[in-house]
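Q: My questions all concern the structure below.
The values are calculated or read from the model by the stated rules, or taken from the named source; none is laboratory data. Worth saying up front: this structure is predicted, and the values here are computed from it rather than measured. Methodologically, a virtual Cβ is constructed for each residue, glycine included, from the backbone with ideal geometry; neighbour enumeration extends over all protein chains shown. Please note that ligands, DNA and RNA were not included when accessible areas were found on the heavy atoms of the full protein model with its side chains. Shrake-Rupley method; radii C 1.70, N 1.55, O 1.52, S 1.80 Å.
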Amino acid sequence: MDYNYLRVSVVECRYALIPSRLPDVDYALNPYVGCEHGCIYCYGRSMLRGRVEALSWGRFVKVKRNIHRILAKEVRSGRFKGVIGIGTVTDPYQPLESRYMLTRQCVEVLSDVGDIHVTIQTKSDLIVRDVDLIKPSLFDVGVTITTMDEDIAKIIEPKAPPPSRRISALETVSNLGVDTWIFLGPIIPYLNDDYRCIELVVDNAKRIGCEIIYDKLNLRRWVLDSMRMALEEYGNYPIDKLPLLTRRSSEWWMDVRRRVERICRDKGVRCSPAYL
Ligand code: SF4
């Protein structure tokens with residue numbers, strides 16, 4: 001797939017905060033629809049209506065240019081309390097954010113509000129730009145790391161910054177006193193599920209002093225198709241085994257869970273599954 005092509009459209013939104021179904025998040029805030037990082041396993045594509053658009057995930061982005069103004073009105077209304085998750089569907093620090101600065105403006109709005117907590121998740125070191133606004137008392141920050149192997153990351157997360165840059169960004173944020181975590185996931189059979197691969201991520205969590213939240217591949221609609229398209233040129237990847245292997249009750253997942261928990265326990269790193 002040609003990831004260098006990107007269709008950008010600028011839209012107006014009517015709502016900024018959307019009730020969230022994620023555990024521990026009350027409202028979701030996503031300044032962009034679509035994500036330029038184009039991860040082959042991303043299930044954000046499952047929320048789209050058509051297969052063609054879903055399979056071109058990574059090549060279009062809608063920019064919600066007024067989201068910070070809508071957000072300011074919403075939080076002033078006093079109706080929104082609890083935890084706000086930034087980047088629950090698409091990456092808030094994807095490359096276009098350096099031009100549009102919508103996430104920054106939303107973070108600025110939220111850094112002045114009481115009665116809320118904000119959790120940010122990203123795969124980009126661009127978050128370091130906003131450390132002047134990310135108050136330790138109000139925010140926590142998570143960075144997604146699937147693997148420290150830059151060659152594998154390049155295949156499965158073609159336009160995201162390399163894992164080493166994400167780790168140093170997380171370290172910078174952590175050193176400022178902000179609570180941090182690594183999202184280790186998705187863990188994918190035969191790609192990033194072996195002991196050494198997981199251990200390298202856990203070692204980084206230990207060094208930074210952050211916890212790990214982990215999860216497996218989630219094969220929502222069109223994810224298998226996307227992975228098939230991306231991986232077919234890399235030889236004999238057993239793509240057809242994924243639906244069985246990645247069931248929440250599968251032997252594979254039970255094994256991986258035990259592996260992650262054991263490595264974390266041995267190294268003294270707190271960890272928990274994203275979903276029980
Ligand atoms: S960075 Fe996140 S939202 Fe963006 S494509 Fe990757 S998984 Fe999807």
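Q: Say whether the condition of being under 23 Å from ILE152 (Cα atoms) and within 15 Å of the ligand (Cβ to nearest atom) is met by at least one residue in the range 94-104.
A: Looking through the range 94-104, at least one residue is under 23 Å from ILE152 (Cα atoms) and within 15 Å of the ligand (Cβ to nearest atom).
Q: Can you name the residue in the range 218-261 that is assigned to a helix (DSSP H, G or I) and open to solvent by 100 Å² or more (accessible area, probe 1.4 Å) and, of all such residues, is farthest from GLU53 (Cα to Cα)?
A: ARG258
Q: Here is a further query. Do we have GLY44 as in contact (Cβ under 8 Å) with a residue 24 or more places away in the chain, within 12 Å of ASP91 (Cα to Cα), within 12 Å of the ligand (Cβ to nearest atom) and part of a loop (DSSP other than H, G, I, E, B) here?
A: No; evaluated as a whole, the condition is false for this residue.
Q: Being hydrophobic (A, V, I, L, M, F, W, C), outside any helix (DSSP H, G or I) and buried (at least 18 other Cβ atoms within 10 Å of the Cβ) is the filter here, so list the residues in the range 114-132 that pass it.
A: VAL118, ILE120
Q: What do you reckon, is VAL10 away from the ligand (no atom under 16 Å from the Cβ), more than 19 Å from VAL131 (Cα to Cα) and open to solvent by 10 Å² or more (accessible area, probe 1.4 Å)?
A: yes
Q: Still on this model: Determine whether TYR27 is more than 15 Å from the ligand (Cβ to nearest atom) and surrounded by 15 or more Cβ atoms within 10 Å (Cβ to Cβ).
A: So TYR27 fits the description; yes.
Q: Regarding GLU74, is this residue loosely packed, with under 12 Cβ neighbours inside 10 Å and within 28 Å of HIS117 (Cα to Cα)?
A: Taking the combined requirement at face value, the residue does not satisfy it.
Q: Mind checking which pairs have a first residue in the range 120-137 that is more than 18 Å from ILE84 (Cα to Cα) and a second that is open to solvent by 20 Å² or more (accessible area, probe 1.4 Å) and within 16 Å of the ligand (Cβ to nearest atom), Cβ under 8 Å, 6 or more apart or different chains?
A: SER124/PRO95; ASP125/ARG165; LEU126/PRO95; LEU126/SER98; ARG129/SER98
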